[in-house]
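In what follows, a single structure is set out as structure tokens and then discussed.
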Amino acid sequence: MVDTIKAGSFNLDLKNPHSPDTGPGDVEHLLPEYEKLLEDIARTCDILKRELEHALTRGRDGSPQPSVTVA
């Protein structure tokens, strides 16, 4: 291993020889997880928009302020 590092001009950007190559993964398994993450992100964005709209439409004392719409 030391010889490999010396031969590469001490570049330590080497693949770990002890870790298995897992590859990109199974599409049948990854696609549903990805779709669920997209739904979670959309739900979080909606919550943040509602909170922001609420914060922008209330004054410091809780009284209603002029109408503000968040797109």
### Task
Take residue 37 and decide whether it is modelled with pLDDT of 80 or more, surrounded by 10 or more Cβ atoms within 10 Å (Cβ to Cβ) and within 28 Å of the chain's Cα centre (by Cα).
yes
#### Entry: Residue match in the range 60-70 (condition: of a type in the set (Asp, Glu) and at pLDDT below 80)
yes
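The values are calculated or read from the model by the stated rules, or taken from the named source; none is laboratory data. Remember, it's a predicted structure, so these values are computed and weren't measured experimentally. Here the Cβ is made from the backbone with ideal geometry for all residues, glycine too, and neighbour counts use every protein chain on show.
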